[in-house]
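A quick write-up on the structure given underneath.
The values are calculated or read from the model by the stated rules, or taken from the named source; none is laboratory data. Computed from a predicted structure; not experimentally measured. Every residue, glycine among them, receives a Cβ derived from its backbone with ideal geometry; neighbour counts consider all protein chains shown. Protein only, heavy atoms only, side chains kept; ligands, DNA and RNA dropped before computing areas. Shrake-Rupley method; radii C 1.70, N 1.55, O 1.52, S 1.80 Å.
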Amino acid sequence: MTAVVDLSATPRTAARRKLGKGRVAAWLVLIIAALYFLIPIAASVEFSLRGVHDTHDLSTWENLFGQPGFLDNLVTSLELAAGTVVITLVLMVPTTAWVHLRLPRLRRLIEAICVLPLVIPAVVLANGVLVAFRGGPSWITGTPVILALEYVVLALPFTYRTLDAGLSAIPLTTLVEAGRNLGASWLTVLLRVVVPNLRTAILNASILSAAMVLGEFTIANLLLMNTLPVWTVQAGQQDGEVATAASMLILIVTWALLLLMSVFGQRGARRTGRSS
Amino acid sequence: MAETKFRNRRQLDLLGLLPFLAYVVVFLGVPTVSVVVGAFQDDAGGWTLSNIGAAVGDPYLHAFVVSTEISALTAVIGAVVGLAIAFAVSASPPGGVLRQVVSTASGVLAYFAGVPLAFAFIAAIGSQGLVTKWLGALGLDITGFSLFGFAGITLVYLYFQIPLMVLVIFPALEGLRPQWQEAASNLGASRWQYWRLVGGPLLLPPFLGALMLLFANAFAAYATAAALTNGIIPLVPIQIAAVMSGNVAVGQENLGNALGLGMILIVGLALAGYAWMQRRTSRWLR
């Protein structure tokens, strides 16, 4: 629902700095919040490191990859993430670029369409998929293929906004006309002019969708597909430590991806800041 | 379908949207419409209002009430705490480490929902949890506190509601120009008068909007509650899942669709309110 926003970029507040009681209250709020947010993460780490008789060791983590089904579901989730990213980019990069070039008056409409998935809760979407595609071809509806196709829809609000912002920041019309005038085909222009100029936005859209897919439980579970989050919840009914380690793994990968995006975003911001 | 049929370029241009529109219609439109239509059909395909009747009837009405209560409670607490954090951060020097940490943490933590969140809280305050053990060693027994009940779900939901609030409200808070406060104090206003007459009224629409966004966010959430409680707590999404997996009386197969329609209406209304408040805010922000 949200992207990493850079709160440090706003320079207006120096005048509002409070003194005395206000500062103490502010720090109190931040310390309590930090405890609330850090303790469950610390507890997860501790829980996944528990050994027998109140000892701590790495046994849960060492055994994690040997757990029946773990590796298969990890691979399924990674494939889903890759598939979702590929479909998203193939569908959305040309579409958003086309809207910017030829149909700028429809931008608000396309944006509204892309935000629609937020209004349909994942549970309801899963229910709808089950009802609507009951008689569909089983290589789609009976396999994780249907998940990748629906995850593209779930990710639309983020991916559209990211690509739209990226396109707004480059002189798209000039670049495309230059390419066309030099005799390049539309495909060449798309792949060798638009895509390289959009690489930060494309990377961000990919990371946001991949992060969403790796943690998605609702639709996978309700459509009876096996993915890493579904496996984790099932494992949790027998062995809390294994489930906690698996969920830590999901978390670490997701956060690493998001942090990567935040780092790239700041580097990009600095670069544009210097050149302007 | 010869190309000469399209007399002007605009019609050709619209063709470029075809793949996108077809995709959205098939994978979002068709499932949504079948939920909405199915809500008004019986098992044989005839039109009926009995699903709607059942959805607002006894066991399911209760689910809507519980879902609304939890969403409203976590939205209000999340909004107030998130605002407090945003205020605390906005008092810190611009470009400082604190801002960097809170902004990155909020962006990342707002993603921390679903399965990992549920297990993190079980690891912290479940019956074998770290905090439970610490407090137990201090002679404080919290094993009576159930993570799987109303209070537990509220505590867990706040974990993604508060960061979302910080992300949404911070731009509005930063958009309040220091010049406005200086102007007010030059005209003899106290801090309290500034907040009552200038800052407060400006922050009210974004605050109310964020409240509705948080409400929708909690109302639509399924994964966290499902992983945490194994489907014990009677929230609307949990009931839909139960209907989908067949735990329902014969003749009520379309009940899930009616409950889904109810969710779409409530979430849609809340998000429409958010969008409307956002538009009002964007008039003075920047």
Practice item. Output the qualifying pairs, or none if there are none: Cβ atoms under 7 angstrom, residues six or more apart or on different chains, first residue in the stretch A:225-252 and touching a residue at least 40 places away in the same chain (Cβ under 8 Å), second residue outside any helix (DSSP H, G or I) and among the acidic types (D, E). Key: A:P229/A:E216
Practice item. Any residue in the stretch B:99-116 that's farther than 24 Å from A:W27 by Cα: show its pairings with residues that are charged (D, E, K, R) at Cβ separation under 8 Å, as long as the two are six or more apart or on different chains. Key: B:G114/A:E216
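Determine which member of the set B:L202, B:L187 is surrounded by fewer than 14 Cβ atoms within 10 Å (Cβ to Cβ), among the hydrophobic types (A, V, I, L, M, F, W, C) and over 30 Å from A:G240 (Cβ atoms).
Numbers: B:L202 fails: surrounded by fewer than 14 Cβ atoms within 10 Å (Cβ to Cβ).
Every option except B:L187 fails the conditions.
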Check your understanding: Could you give every pair whose Cβ atoms fall below 7 Å, whose first residue belongs to the stretch B:24-44 and is closer than 25 Å to A:Y160 by Cα, and whose second residue is at pLDDT below 95 and open to solvent by 50 Å² or more (accessible area, probe 1.4 Å), counting only separations of at least 6 or pairs across chains?
Key -> B:L28/A:L116
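Being of a type in the set (S, T, Y) and open to solvent by 10 Å² or more (accessible area, probe 1.4 Å) is the filter here, so list the residues in the stretch B:93-105 that pass it.
So in the stretch B:93-105, the residues of a type in the set (S, T, Y) come out as B:103-104.
Within the stretch B:93-105, B:T104 is the sole residue that qualifies.
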Check your understanding: Which ones in the stretch B:72-86 are more than 9 Å from every other protein chain (Cβ to nearest Cβ) and either of a type in the set (V, I, T) or open to solvent by 10 Å² or more (accessible area, probe 1.4 Å) (or both)?
Key -> B:A72, B:L73, B:T74, B:V76, B:I77, B:V80, B:L83
Practice item. With the condition kept exactly as written, say whether any residue in the stretch B:87-98 is more than 15 Å from the chain's Cα centre (by Cα), within 25 Å of B:Y222 (Cβ to Cβ) and more than 7 Å from chain A (Cβ to nearest Cβ). Key: no
**Study point:** Hits in the stretch A:35-69 - residues which are in a helix (DSSP H, G or I) and more than 14 Å from chain B (Cβ to nearest Cβ)
**Key:** A:S59, A:W61, A:E62, A:N63
Exercise for review: Count, please, the residues in the stretch B:8-33 that happen to be open to solvent by less than 70 Å² (accessible area, probe 1.4 Å) and under 25 Å from the mean Cα position of the chain (by Cα).
Suggested key: 7
Practice item. List the number of the failed condition for B:I233; all other conditions in (1) in a helix (DSSP H, G or I); (2) among the hydrophobic types (A, V, I, L, M, F, W, C); (3) surrounded by fewer than 23 Cβ atoms within 10 Å (Cβ to Cβ) hold. Key: (1)
Check your understanding: From the list B:Q278, B:Q193, which one is surrounded by fewer than 16 Cβ atoms within 10 Å (Cβ to Cβ), over 15 Å from the mean Cα position of the chain (by Cα) and farther than 30 Å from A:A132 by Cβ?
Key -> B:Q193
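Go over the candidates A:A201, A:A178 one by one and state the one that is within 30 Å of A:L251 (Cβ to Cβ) and part of a helix (DSSP H, G or I).
Values: A:A178 fails: within 30 Å of A:L251 (Cβ to Cβ).
Just one listed residue meets the conditions, A:A201.
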Exercise for review: Go through (1) closer than 30 Å to A:R50 by Cβ; (2) part of a helix (DSSP H, G or I) and name the single condition B:A218 misses.
Suggested key: (1)
Check your understanding: Is it true that some residue in the stretch B:26-42 is touching a Pro at 6+ places or on another chain (Cβ under 9 Å) and at pLDDT 95 or above?
Key -> yes
**Study point:** Count of residues meeting criterion [closer than 20 Å to B:A218 by Cβ and touching a Pro at 6+ places or on another chain (Cβ under 9 Å)] in the stretch B:51-64
**Key:** 3
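Would you confirm whether any residue within the stretch A:123-133 is more than 9 Å from every other protein chain (Cβ to nearest Cβ) and open to solvent by 10 Å² or more (accessible area, probe 1.4 Å)? If you could, list the steps in order and put the result at the bottom.
Our first condition is that a residue be more than 9 Å from every other protein chain (Cβ to nearest Cβ); within the stretch A:123-133, this holds for none.
There is no residue in the stretch A:123-133 that is more than 9 Å from every other protein chain (Cβ to nearest Cβ) and open to solvent by 10 Å² or more (accessible area, probe 1.4 Å).
Out of curiosity, is A:R180 basic (K, R) and more than 24 Å from A:L106 (Cβ to Cβ)? Spell out how you get there, then give the answer.
On the way: basic (K, R): yes; more than 24 Å from A:L106 (Cβ to Cβ): no.
No, not satisfied.
Can you name the residue in the stretch A:82-105 that is open to solvent by less than 40 Å² (accessible area, probe 1.4 Å) and farther than 13 Å from B:G16 by Cα and, of all such residues, is farthest from the other protein chains (Cβ to nearest Cβ)? Lay out the reasoning, then the answer.
Of the residues in the stretch A:82-105, the ones open to solvent by less than 40 Å² (accessible area, probe 1.4 Å) are A:83-85, A:88, A:91-93, A:95-97, A:99-100, A:103.
Next, from what is left, pick out any that are farther than 13 Å from B:G16 by Cα: A:83-85, A:88.
Numbers: A:G83: 14, A:T84: 12, A:V85: 15, A:T88: 10 Å.
Filtering first and then ranking leaves A:V85.
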Practice item. Filter the stretch A:135-185 for residues that are more than 27 Å from B:V26 (Cα to Cα) and loosely packed, with under 13 Cβ neighbours inside 10 Å and give the result. Key: A:S168, A:P171, A:T173, A:T174, A:N181, A:L182, A:G183, A:S185
